[in-house]
Amino acid sequence: MATQHSRSAARIMMAPAVFLLLVWMLVPLSLTLIFSFKRFLPLRGDRIGERGDGFGDFLLDYIQGFPDLDWVGFSNFSSFVTSNSFWPAVGTTLIIVGGVLLVSILFGILLAMLLDQPMWGQGIVRILVIAPFFVMPTVSALVWKNMIMDSTNGLFAHLWRAFGADPVVWLSDVPMVSLILIISWQWLPFATLILLTAFQSLDSEQMEAAEMDGAGALARFFFIALPHLSRAITIVILIQTIFLLAVFAEIFVTTGGAFGTRTLTYLIYQRVLESQNVGLGSAGGVYAIILANIVAIFLMRIVGKNLDR
């Protein structure tokens, strides 16, 4: 049992890590908030300050809120949300999140059912199924773009020609399907791993009793296995949604935001780096944070209800 002395020692030892984590989160967040209320266009001559490049000068500017930049109030927020690109970007983000979740959960359940069956080389098969999750998003996007979806030398193009059909230019003809396919390939192993763990905790005696009572395979799946998987599915939805709301690398490498694939995070990138409008991009970043927190709170409530059952 922990004593008062040991609890105090634990707090003291954890304090530096907690402090670093707070700084790690609060500095970027507060900079985003400060710049979202400022006019900051570096290409048009706006500068943060001329007092030097030292940390002390930066800290002073940080505390003072970068007084050399003009205060514009909420105009960055209104400009960002009323632009023609905002709502299409939100819609694209939600379509990608929904599509990837649908694919990863459906195929994740199928793969988990297969991997739960005894087979030769089971360990190797499981490693191969999980392996895509450890590939960097930029690398997987490059592989899919140049080796699988390329309309001239890609794997799909050769398959199409083998059946006498014209190759599909995936990233321009069906860009959303292509992106959902690429991102799902990365996240499917994660969903499979979580669902496989849930399958392995399923009571086999209950399944055998249902089979002896005459329940078919579909009935056993929908009335026994699927309710048992509900918690695992909820966790997959929660974790994947939080990460998928910020998907960026796959779009940057494949379509560059063209063909209607510009998500909210990609729109923020374009405003900050391509248009060099730091204030407008920061306002977009605040919207993205608010959207992510709304979704997270909504999903956490669902998770809480499922876990309390």
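Residues of the stretch 151-173 that are open to solvent by 50 Å² or more (accessible area, probe 1.4 Å) and either without any contact (Cβ under 8 Å) to a residue 12 or more places away in the chain or of a type in the set (Phe, Trp, Tyr) (or both): 153, 155, 158, 159, 160, 161, 162, 163, 164, 166, 173.
Annotation: of all residues in the stretch 125-150 being without any contact (Cβ under 8 Å) to a residue 24 or more places away in the chain and over 14 Å from residue 189 (Cα atoms), the one that is least open to solvent (accessible area, probe 1.4 Å) is 148.
Test residue 260 against the stated conditions and say whether it is more than 20 Å from residue 140 (Cα to Cα) and surrounded by fewer than 21 Cβ atoms within 10 Å (Cβ to Cβ).
Numbers: more than 20 Å from residue 140 (Cα to Cα): yes; surrounded by fewer than 21 Cβ atoms within 10 Å (Cβ to Cβ): yes.
When the stated conditions are applied, residue 260 passes them.
Within the stretch 201-220, the set of residues being surrounded by 12 or more Cβ atoms within 10 Å (Cβ to Cβ) and without any contact (Cβ under 8 Å) to a residue 24 or more places away in the chain comprises 206, 207, 209, 210, 211, 215, 219, 220. On inspection, residue 237 passes the criterion of being open to solvent by 20 Å² or more (accessible area, probe 1.4 Å), out of contact with any Cys (no Cβ under 6 Å at 6 or more places or on another chain) and of a type in the set (A, V, I, L, M).
Using the structure shown, decide if residue 299 is under 28 Å from residue 172 (Cβ atoms), open to solvent by less than 70 Å² (accessible area, probe 1.4 Å) and not basic (Lys, Arg). Criteria not met by residue 299. Within the stretch 267-284, restricting attention to residues that are among the hydrophobic types (A, V, I, L, M, F, W, C) and buried (at least 18 other Cβ atoms within 10 Å of the Cβ), the residue that is nearest to residue 33 (Cα to Cα) is 283.
Would you mind stating whether residue 198 is open to solvent by less than 40 Å² (accessible area, probe 1.4 Å) and either at pLDDT 85 or above or charged (D, E, K, R) (or both)? Quick ask: steps written out before the conclusion?
Numbers: open to solvent by less than 40 Å² (accessible area, probe 1.4 Å): yes; either at pLDDT 85 or above or charged (D, E, K, R) (or both): yes.
Yes.
In the stretch 59-77, the residues that are closer than 20 Å to residue 26 by Cα and charged (D, E, K, R) reach residues that are assigned to a loop (DSSP other than H, G, I, E, B) and open to solvent by 50 Å² or more (accessible area, probe 1.4 Å) with C-beta atoms within less than 7 angstrom, at least six apart or across chains, in these pairs: 61/48.
The values are calculated or read from the model by the stated rules, or taken from the named source; none is laboratory data. Everything numeric in this text was worked out from a predicted model, so none of it was measured. Note that we place each Cβ from the backbone using ideal geometry, even for glycine, and neighbour counts take in every protein chain shown. For accessibility, only protein heavy atoms count, side chains too; no ligands or nucleic acids. Shrake-Rupley method; radii C 1.70, N 1.55, O 1.52, S 1.80 Å.
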